[in-house]
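Participant: Before anything else, here's the structure in question.
The values are calculated or read from the model by the stated rules, or taken from the named source; none is laboratory data. This structure is a prediction, so every number in the text was calculated from the model and none was measured. All Cβ positions, glycine included, derive from the backbone under ideal geometry; neighbour counts span all protein chains shown. Just the protein is used for accessible areas: all its heavy atoms, side chains included, with ligands, DNA and RNA removed. Shrake-Rupley method; radii C 1.70, N 1.55, O 1.52, S 1.80 Å.
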Amino acid sequence: MIFAYFLLSFFVFWVALKKELDKIKSFFLKISFTLFFSTYVSIFIIFFLSIILSFFTRTTFIKSVYSYLLLSCFYLLLNHKRCLKSIAEFIRSLSQLTLIHCVSLSLIISISYLLFYNQLVLRGSKLFTSELYWDFHWHVRLIQNFWLGDNFPPQNESVAGLYHVYHYFWAMIPALFEALGLSLVSAINLYSALFFSLVMLTAVGIMEEYFFSKIAYILLPIFIVSHGSLKLFDYLYTRAILIGWNRQFFEVPVLIGTVHGGRFGFNDDMFNVSYFIQERQLIFACLALLIYVYVLLRCKEFSLGFIVASAVFFGLFVQWHIYITIFFIVIGLSYTAIRCVLNGYKKTKKILLFSFVTTLVSFIFIIGLKVYTYISPEFDYAFLRQFPKINFSFTAYLTQDSTNFLQAFLYYLYGYGFRIIIYIGALIIARKYHKNIFYIWLSAIPIFVLVNTLQFSPLTVHDNHKWLRPFNLLVDVFSLSILSHRLSKSWLIRSGFLVLILLASISGIVSFLNFAVQTPAKYYADFSSSLFRKISRTDSKSVFLTNDSTYVFLAGRKTYVTKYLGQKLGIQTDKRQMVQDSLQKLKDTAEMCKFLLSKNLYKTIDYISFTDKSIYIDVKKECFKTK
């Protein structure tokens with residue numbers, strides 16, 4: 001069924017977007033464009049169908065998925081002539097791919113496979129993750145609550161009854177894959193590899209469209225997944241001083257010491273691909289950013305209807321990824337302002353409309369979330385209203401020292417390394433030959449300023465990596481594409497360019513290899529566990545009070561409270577935690593039931609599970625019997 005979904009959904013949007021796709025030259029870009037919008041819009045359709053059905057029935061998610069597939073079939077049948085013509089054109093375009101296209105596509109798929117295949121595995125019935133994929137315990141609760149928990153309208157799975165205010169929509173994609181027959185592990189791995197491949201495919205497509213260069217088909221995917229920090233050179237230099245240039249120098253793998261720490265408070269994770277492994281929501285968000293920037297650049301060519309519709313959908317990205325939504329707003333308004341000043345209002349009406357509608361819809365959504373956190377007693381609004389706030393300590397996060405301009409300058413000099421030469425060269429060339437790209441580049445600079453001056457998240461200023469990593473991606477895509485396109489035919493200049501690219505990528509290539517050889521040795525759970533099977537047999541909307549939420553979340557159920565970063569996120573969980581602490585002190589079922597009845601919590605909590613005491617209580621059944 002997973003194949004049927006991709007086939008149907010892809011061609012629905014290949015047909016629906018035919019006029020817009022005809023304006024795109026790159027076949028790679030057409031594919032990523034169609035797959036992005038087909039996935040993005042289909043998730044919204046399934047989401048709203050699920051909410052509507054939740055008032056009348058259970059197992060709403062899978063019913064909504066199959067309803068969407070039926071609607072897709074119906075649309076293609078109604079437009080069968082256009083569909084057949086579009087399929088023929090697609091096959092014809094596919095047959096025209098050259099050898100360099102195939103090599104680039106193979107490289108992209110290989111990179112994605114190496115990056116994700118060994119971060120999450122299922123061995124028999126046992127689930128293992130790598131040490132690097134430490135966000136898995138957050139992801140599994142989101143995904144399983146959609147697939148197995150009928151979580152519509154979406155509630156916070158860790159604090160039952162509280163509606164979600166953070167980004168959760170992305171988790172519906174792997175949940176959709178599960179509904180179509182994949183296992184949890186396969187669903188997450190497919191989501192990660194597919195959409196990370198689309199990020200690189202979109203980058204190559206933009207290169208094809210604006211800066212065609214054969215060498216960039218190979219270099220660009222490598223450049224995206226690597227970084228230019230001086231960490232590797234620093235490590236080798238330090239090692240040479242300590243043990244000398246002898247045989248022992250080469251006995252220890254170079255991979256050691258290249259992942260954590262560095263001079264000037266340097267943090268490798270801000271520049272390498274680790275956050276794409278840790279925070280899978282960032283993958284789809286970066287794809288959305290590249291598509292948004294492309295639409296922004298091509299506003300003049302696209303139809304008015306598409307501009308308005310896509311702007312609305314980009315504005316609704318808040319609960320897919322709020323940081324990227326702000327990226328949309330900042331880069332969109334900045335680019336619009338620059339173009340209006342330089343080209344006048346009449347020539348930039350579509351750009352203005354696109355950025356304005358995106359911003360308007362986003363602000364309405366954000367204000368709605370703000371109002372909810374204000375009126376809900378579960379949120380500490382006095383705490384949340386402090387954010388965003390000024391904070392200059394982003395580059396000093398690891399050292400906890402005070403930040404100053406020199407420290408920040410050295411941090412980025414060490415972090416970007418030889419890429420600074422590439423960025424400056426590309427910026428100079430863009431200013432002369434690619435004005436619109438130059439304006440996009442200027443429009444992205446405010447994001448870099450926000451990274452280093454603003455704390456948006458109540459959790460930590462370190463969360464600004466959700467801006468920095470996409471910013472680096474955008475700059476990498478345009479800088480390498482521009483320089484590759486403008487290369488002289490002189491073999492000396494070409495050789496010098498390749499050496500510069502190697503120097504600006506080698507640290508990141510080593511980091512990438514380190515991630516690729518990760519061993520998924522961290523045990524998470526066992527699907528054959530009797531506790532998991534017992535929880536799975538409960539009602540899908542059941543709420544558990546438990547001291548170990550692993551199997552509760554794996555089965556797609558919610559917890560009354562979970563010890564996590566609730567208070568730091570402005571969620572007041574003190575009272576709930578006191579209830580759990582009080583129950584854990586009690587000895588048997590009768591005492592626990594008496595406590596729940598006295599607090600009138602038997603309507604809120606369905607099950608109690610304390611694994612350390614081997615206690616498992618069906619509250620409705622056992623406590624009413626006790627009563």
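Participant: Which residues, taken from the stretch 70-92, are surrounded by 13 or more Cβ atoms within 10 Å (Cβ to Cβ), assigned to a helix (DSSP H, G or I) and either of a type in the set (V, I, T) or touching a helix residue (DSSP H, G or I) at 6+ places or on another chain (Cβ under 6 Å) (or both)?
Facilitator: Those that are surrounded by 13 or more Cβ atoms within 10 Å (Cβ to Cβ), assigned to a helix (DSSP H, G or I) and either of a type in the set (V, I, T) or touching a helix residue (DSSP H, G or I) at 6+ places or on another chain (Cβ under 6 Å) (or both): S72, Y75, L76, R82, C83, S86, I87.
Participant: Considering only residues that are of a type outside the set (K, R), within 14 Å of K435 (Cα to Cα) and over 28 Å from the mean Cα position of the chain (by Cα), which ones fall in the stretch 326-339?
Facilitator: Answer for the stretch 326-339, where residues must be of a type outside the set (K, R), within 14 Å of K435 (Cα to Cα) and over 28 Å from the mean Cα position of the chain (by Cα): just I338.
Participant: Still on this model: Could you give me the residue pairs with C-beta distances under 6 Å whose first residue belongs to the stretch 130-142 and is farther than 17 Å from Q319 by Cβ, whose second residue is assigned to a loop (DSSP other than H, G, I, E, B) wherever it lies, and which are 6+ apart or on separate chains?
Facilitator: S130/Q119; S130/Q518; S130/P520; L132/Q518; Y133/Q119; D135/E279
Participant: Read through the list (1) in contact with a helix residue (DSSP H, G or I) (Cβ under 8 Å, 6 or more places away or on another chain); (2) hydrophobic (A, V, I, L, M, F, W, C); (3) surrounded by fewer than 23 Cβ atoms within 10 Å (Cβ to Cβ), then give the number of the only condition that W147 fails.
Facilitator: Here W147 meets the rest and fails (3).
Participant: Another question, then. Inspect the stretch 46-63 for any residue being among the small types (G, A, S), touching a residue at least 60 places away in the same chain (Cβ under 8 Å) and surrounded by fewer than 17 Cβ atoms within 10 Å (Cβ to Cβ) and give the result as yes or no.
Facilitator: No.
Participant: Filter the stretch 195-237 for residues that are outside any helix (DSSP H, G or I) and either open to solvent by less than 30 Å² (accessible area, probe 1.4 Å) or free of Cβ contacts under 8 Å to residues at least 24 places away in the same chain (or both) and give the result.
Facilitator: Matches in the stretch 195-237: F211, S213, S226, H227, G228, S229.
Participant: Does S511 satisfy the condition of being open to solvent by less than 10 Å² (accessible area, probe 1.4 Å) and either within 30 Å of G415 (Cα to Cα) or in a loop (DSSP other than H, G, I, E, B) (or both)?
Facilitator: Answer is yes for this residue.
Participant: Identify, please: which residue in the stretch 602-614 is at pLDDT 90 or above and of a type outside the set (S, T, Y) and is, among those, most open to solvent (accessible area, probe 1.4 Å)?
Facilitator: Ranking the qualifying residues of the stretch 602-614, first place goes to D606.
Participant: Something else about it: Out of the stretch 514-556, which residues are open to solvent by 50 Å² or more (accessible area, probe 1.4 Å) and either of a type in the set (V, I, T) or assigned to a loop (DSSP other than H, G, I, E, B) (or both)?
Facilitator: V517, T519, A521, F527, S528, R537, D539, K541, N547, D548 - these are the residues of the stretch 514-556 that are open to solvent by 50 Å² or more (accessible area, probe 1.4 Å) and either of a type in the set (V, I, T) or assigned to a loop (DSSP other than H, G, I, E, B) (or both).
Participant: Another question, then. Filtering the stretch 322-352 down to residues that are among the aromatic types (F, W, Y) and in a helix (DSSP H, G or I), which residue is farthest from S303 (Cα to Cα)?
Facilitator: Filtering first and then ranking leaves Y323.
Participant: If L487 passes every condition in (1) closer than 22 Å to F128 by Cβ; (2) of a type outside the set (S, T, Y); (3) part of a loop (DSSP other than H, G, I, E, B) but one, which one does it miss?
Facilitator: The number of the failed condition is (1).
Participant: Here's something else I'd like to know. Which residues, counting only those in the stretch 272-313, are of a type in the set (A, V, I, L, M, F, W, C) and open to solvent by 10 Å² or more (accessible area, probe 1.4 Å)?
Facilitator: L297, L304, F306, V308, A309, V312, F313
Participant: Which ones in the stretch 14-36 are aromatic (F, W, Y) and either outside any helix (DSSP H, G or I) or surrounded by 22 or more Cβ atoms within 10 Å (Cβ to Cβ) (or both)?
Facilitator: W14, F28, F33
Participant: Say we look at the stretch 460-508 and pick out the residues that are open to solvent by less than 20 Å² (accessible area, probe 1.4 Å) and of a type in the set (G, A, S); which of these is farthest from the chain's Cα centre (by Cα)?
Facilitator: Ranking the candidates gives S484 first.
Participant: If you don't mind, there's one more thing I want to ask. Out of the residues in the stretch 582-623 that are part of a helix (DSSP H, G or I) and within 19 Å of F532 (Cβ to Cβ), which is nearest to the chain's Cα centre (by Cα)?
Facilitator: T611
Participant: Also, quick follow-up: All but one of (1) more than 30 Å from D380 (Cα to Cα); (2) touching a Phe, Trp or Tyr at 6+ places or on another chain (Cβ under 7 Å); (3) open to solvent by 30 Å² or more (accessible area, probe 1.4 Å) hold for C623, so report the exception by its number.
Facilitator: (3)
Participant: Within the stretch 539-562, does at least one residue satisfy the condition of being free of Cβ contacts under 8 Å to residues at least 24 places away in the same chain and farther than 30 Å from V225 by Cβ?
Facilitator: Our first condition is that a residue be free of Cβ contacts under 8 Å to residues at least 24 places away in the same chain; within the stretch 539-562, this holds for none.
Within the stretch 539-562, none of the residues are free of Cβ contacts under 8 Å to residues at least 24 places away in the same chain and farther than 30 Å from V225 by Cβ.
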